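Please read the structure below before turning to the comments.
The values are calculated or read from the model by the stated rules, or taken from the named source; none is laboratory data. Everything numeric here is computed off the predicted structure, so don't read it as measured data. In this analysis, Cβ positions are derived from the backbone assuming ideal geometry, glycine residues included, and neighbour counts consider all displayed protein chains. Side chains are part of the model used for accessible areas, which takes the heavy atoms of the whole protein and leaves out ligands, DNA and RNA. Shrake-Rupley method; radii C 1.70, N 1.55, O 1.52, S 1.80 Å.
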Amino acid sequence: PETRLLIARPERGTCRVACFSPRHDLTMATMPPSTIARVIDMWTHEYVTLGALPHIGHVQIFENRGAMMGASNPHPHGQIWATESLPDEPARETSAQEGYLRDHGGCLLCEYAHLELARGARVVYDNAHFVAVVPYWAVWPFETLVLPLAHASALDGLSGAQRDGLADVLSRLTRGYDRVFEAPFPYSMGIHQRPTDGLAHDGWHMHLHFYPPLLRSATVRKFMVGFEMLGTPQRDITAEQAAARLRQVI
């Protein structure tokens, strides 16, 4: 029975720290879009380089900002974890997106992005190439989802104009976060994109998640406890209210 219930195996991978600037005083929110575009170029290079390794099946790029999110070094930086197997969250998204393509013949997140643009109430900011929304299913009060409007499965599929569009959204969104409570806004940001296991993954649509913990002020955070931990998360404000608040500061 133990061999059926308890499974352990080795995991090969690579972890890297990616510095965004040589200046200690900068954050994503205080960098010009041109600098953020160079950060995106670096992310793309690392995704392609690490993903090309035969034993790497997934490349996770992320940034933890602020002590509240466990960032012990204030220098502007993120991390890149390249793993042999597909982590839990990307695995669930892979199943959902590829299942939607199989059942409906279209891209789940392409359709969702254009639905949100048509409705408008949950849109925080958009330009010609990207949209930032508070998603319908958001758990955190000011959670956002950043989506390319044209289908792209990973960073390496973006044109130069799309990359600049993403840099514009990241600049405006992070600056807007800092204005919500007139204080540096902590968050965990991650890029989800096509696994690098060599399969086609035609249903995959890249996107970025921002998970900020703040609720009512710069010092009051939301905690997942009680029913939210044991049952299902509950919203403190609606997605529409959160989007309206963010639109006011972007």
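Here is a check on your reading of the model: is residue 220 among the β-branched types (Val, Ile, Thr) and either surrounded by 15 or more Cβ atoms within 10 Å (Cβ to Cβ) or in contact (Cβ under 8 Å) with a residue 12 or more places away in the chain (or both)?
Judged against the criteria, residue 220 is not a match.
Here's a check for you: in the stretch 1-24, which residue that is part of a strand (DSSP E or B) and either under 24 Å from residue 85 (Cα atoms) or free of Cβ contacts under 8 Å to residues at least 24 places away in the same chain (or both) is least open to solvent (accessible area, probe 1.4 Å)?
18
With (1) touching a helix residue (DSSP H, G or I) at 6+ places or on another chain (Cβ under 6 Å); (2) open to solvent by 20 Å² or more (accessible area, probe 1.4 Å) as the list, and residue 186 as the residue in question, which single condition is left unmet?
So residue 186 meets the others, but not (2).
Listed residues 200, 244, 167; which is among the hydrophobic types (A, V, I, L, M, F, W, C) and farther than 25 Å from residue 80 by Cβ?
244
Taking residue 149 and the conditions (1) aliphatic (A, V, I, L, M); (2) open to solvent by less than 10 Å² (accessible area, probe 1.4 Å); (3) within 16 Å of the chain's Cα centre (by Cα), which numbered condition does it fall short on, given that it satisfies the others?
That leaves (2) as the condition not met.
Quick test of your reading of the structure: residue 67 fulfils all but one of (1) in contact with a His (Cβ under 9 Å, 6 or more places away or on another chain); (2) under 17 Å from residue 28 (Cβ atoms); (3) hydrophobic (A, V, I, L, M, F, W, C); (4) open to solvent by 50 Å² or more (accessible area, probe 1.4 Å). Name the failing condition by number.
(1)
Scan the stretch 119-132 and report the pairs whose first residue is assigned to a loop (DSSP other than H, G, I, E, B) and whose second residue is charged (D, E, K, R) and buried (at least 22 other Cβ atoms within 10 Å of the Cβ), with Cβ atoms within less than 8 Å and a gap of 6+ or a chain change.
Hits for this filter: 122/116.
Being within 18 Å of the chain's Cα centre (by Cα) and over 16 Å from residue 64 (Cα atoms) is the filter here, so list the residues in the stretch 176-202 that pass it.
Hits for the stretch 176-202 are 176, 193, 194, 195, 196.
Residue-by-condition table, conditions (1) more than 26 Å from residue 37 (Cα to Cα); (2) of a type outside the set (A, V, I, L, M); (3) part of a loop (DSSP other than H, G, I, E, B):
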| site | (1), (2), (3) |
| --- | --- |
| 162 | no, yes, no |
| 172 | no, yes, no |
| 177 | no, yes, no |
| 185 | no, yes, yes |
| 217 | yes, yes, yes |
| 224 | yes, no, yes |
| 234 | yes, yes, yes |
| 241 | yes, yes, no |
| 244 | yes, no, no |
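Restricting attention to the stretch 25-33, does a residue exist that is in a loop (DSSP other than H, G, I, E, B) and of a type in the set (D, E, K, R)?
yes
Restricting attention to the stretch 30-63, and to residues there that are among the charged types (D, E, K, R) and farther than 17 Å from residue 161 by Cβ, which single residue is most open to solvent (accessible area, probe 1.4 Å)?
46
Yes or no, residue by residue, for (1) farther than 30 Å from residue 224 by Cα; (2) crowded, with 17+ Cβ neighbours inside 10 Å; (3) charged (D, E, K, R):
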site: 102; (1), (2), (3): yes, no, yes
site: 166; (1), (2), (3): yes, yes, no
site: 177; (1), (2), (3): no, yes, no
site: 204; (1), (2), (3): no, yes, no
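Report, by residue number, each residue of the stretch 157-216 that is of a type in the set (Gly, Ala, Ser) and within 28 Å of residue 102 (Cα to Cα).
157, 159, 190, 198, 200, 203, listed by residue number.
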